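Student: Take a look at this one; I'll ask things after.
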Amino acid sequence: MKILIVASFFPYPPHFGGAFDVLERIKGIKSLGHDIDLVCTCKEFPEEKNVVFLKQFINELIIVPRKNRIINLFSAKPLQVISRKSLKKVALKKNYDYAILEAESVGIILENKYLKASQIVVRVHNNESDYFFQLAKSAKKYTEKLYYYLEGIKYKKYSKAIFEKADRLWFISNEEIKNCHILFRNKSIYLPASVNEVFVKQELSNKTVLFVGALFMPNNLEAIMWYLQNVHSFITEKNYKLIIAGSTGDKEPIIFEDMFKKYSNVEVLLNHNDLSSYYSRSTIFINPMLHGAGVKIKSINAIQNGLILISSKTGVEGTGLVKNEMYFEADRPEDFINAILKTFSMDIDTKQKMADNAQDFLTQNNYLSVLKKEIQDEN
């Protein structure tokens, strides 16, 4: 099968959840024996070493420039879409069996006269409208709040238009299928987050807590600052330590270093491609997100890497994980403190059983079996 994937970003390194899901699904599609071309939009051309890495899974890579203009804020379409309008003109020379659009932000490619695909698929990473409304709640500056709020309003109409044009909708969250418009349910399926790597077993013997997130996103920054101010400073357990790992996007790393340096027992790791050693140095993964939509890939990654997950309801929504069996749920500061201290006091076998339960659940609900049924060679 010839498959075109259209993404709003270059997916390697996978510094945030959406990139992880796209990259791992590319690997999965390749493992099924299909040919993949990738179109992605970028503000800057990716580093050559990252291009070389990705080309082991794809045949052709087309980089399309992404440009933001102030005037585009007044468009009826979301700025996330208009900034990628060059997708309308990119020359596509092949006929594809499937064109997979990684979210509605690349939906403008459907206006491209060169696009020829038997099936149009949209990967629904979030309810985009709700996602931007949630970002508006997390943002601190009024200008950012206004921008996110207006994007949320615009996406309500735009997402519906793109869903109408699609043949299939691949939802990452089962909950969001239930909440989508009834007209779209007959072409919607639940395709879990893409997880290919072997599940890791950790020692779980230390008192180190890990947070990983794209720090340039206001909801992630809000989450870790809430934890630092309301939980971290109140844990006096001997040898307790917090590791904060994340990407800074277009922002200078010094901004975040200054933000976190006033807190003791904190190690900050910015823009690291490989976090495996930091997972192995930790026992607990925290996801204290207050606002968000869709599945939080960071929670899935934590389980894949063998840590005990302590998360807010927002941090595990749409995953299907069972609290107290596969993770601890915490929404208030005292919930986080109690769950962390409880985990520290548990014996190794009990901690390992919880980690195993969560990993078994992900194994039983693997995306690849669903993908095999979705992408079938009809010849």
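Student: Check whether at least one residue in region 298-311 is basic (Lys, Arg), part of a helix (DSSP H, G or I) and within 17 Å of residue 13 (Cα to Cα), and report yes or no.
Tutor: Yes, region 298-311 contains at least one residue that is basic (Lys, Arg), part of a helix (DSSP H, G or I) and within 17 Å of residue 13 (Cα to Cα).
Student: State which residue pairs qualify: first residue assigned to a helix (DSSP H, G or I) and inside region 359-370, second residue surrounded by fewer than 17 Cβ atoms within 10 Å (Cβ to Cβ) and not acidic (Asp, Glu) in any location, beta carbons under 6 Å apart, and separation of 6 or more residues or different chains.
Tutor: Matching pairs, first to second residue: 359/199.
Student: Look through 353, 373, 298, 342 and report the one residue that is farther than 16 Å from residue 213 by Cβ and at pLDDT below 95.
Tutor: 373
Student: What residue, of 304, 364, 359, is more than 18 Å from the chain's Cα centre (by Cα), within 24 Å of residue 20 (Cα to Cα) and surrounded by 17 or more Cβ atoms within 10 Å (Cβ to Cβ)? Please lay out each step first, then the result.
Tutor: Working: 304 fails: more than 18 Å from the chain's Cα centre (by Cα); 364 fails: surrounded by 17 or more Cβ atoms within 10 Å (Cβ to Cβ).
None of the other options fit; the residue is 359.
Student: While we're on this one: Restricting attention to region 225-256, report how many residues are free of Cβ contacts under 8 Å to residues at least 24 places away in the same chain and in contact with a strand residue (DSSP E or B) (Cβ under 6 Å, 6 or more places away or on another chain).
Tutor: Residues in region 225-256 being free of Cβ contacts under 8 Å to residues at least 24 places away in the same chain and in contact with a strand residue (DSSP E or B) (Cβ under 6 Å, 6 or more places away or on another chain): 1 in total.
Each row is one residue, and each column tells you yes or no for (1) of a type in the set (Phe, Trp, Tyr); (2) free of Cβ contacts under 8 Å to residues at least 60 places away in the same chain; (3) surrounded by fewer than 21 Cβ atoms within 10 Å (Cβ to Cβ).
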| position | (1), (2), (3) |
| --- | --- |
| 112 | no, yes, yes |
| 119 | no, yes, yes |
| 144 | no, no, yes |
| 151 | no, no, no |
| 173 | no, no, no |
| 185 | no, yes, yes |
| 190 | yes, no, yes |
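Student: Residues that are touching a strand residue (DSSP E or B) at 6+ places or on another chain (Cβ under 9 Å) and modelled with pLDDT of 95 or more: list the helices (runs of 4 or more DSSP H) wholly contained in region 103-182 that include at least 1 such residues.
Tutor: Result: 142-165.
Student: Please determine whether any residue of region 68-83 is part of a helix (DSSP H, G or I), small (Gly, Ala, Ser) and either in contact with a strand residue (DSSP E or B) (Cβ under 9 Å, 6 or more places away or on another chain) or not assigned by TED's automatic domain parsing to the domain that holds residue 121 (or both).
Tutor: no
Student: Could we say that residue 194 is surrounded by fewer than 12 Cβ atoms within 10 Å (Cβ to Cβ) and either modelled with pLDDT of 95 or more or in a loop (DSSP other than H, G, I, E, B) (or both) here?
Tutor: No.
Student: I've got another one for you. Identify the single condition in (1) under 23 Å from the mean Cα position of the chain (by Cα); (2) not in a helix (DSSP H, G or I) that residue 33 does not satisfy, given that it satisfies every other one.
Tutor: The number of the failed condition is (1).
Student: Kindly check whether there is at least one residue in region 282-290 that is in a helix (DSSP H, G or I) and farther than 23 Å from residue 176 by Cα.
Tutor: No, region 282-290 contains no residue that is in a helix (DSSP H, G or I) and farther than 23 Å from residue 176 by Cα.
Student: I'm trying to understand the selection: among the residues of region 242-257, which are buried (at least 17 other Cβ atoms within 10 Å of the Cβ) and not polar (S, T, N, Q)?
Tutor: Within region 242-257, 242, 243, 244, 245, 246, 256 meet the criteria.
Student: Pairs needed: first member in region 259-276, in a loop (DSSP other than H, G, I, E, B); second member anywhere, at pLDDT below 90 and surrounded by 13 or more Cβ atoms within 10 Å (Cβ to Cβ); C-beta distance under 6 Å; at least 6 residues apart or different chains.
Tutor: As it stands, the answer is 273/13, since those pairs meet every condition given.
The values are calculated or read from the model by the stated rules, or taken from the named source; none is laboratory data. Bear in mind that the values here come from a model prediction, so they are computed numbers and not experimental data. In this analysis, Cβ positions are derived from the backbone assuming ideal geometry, glycine residues included, and neighbour counts consider all displayed protein chains.
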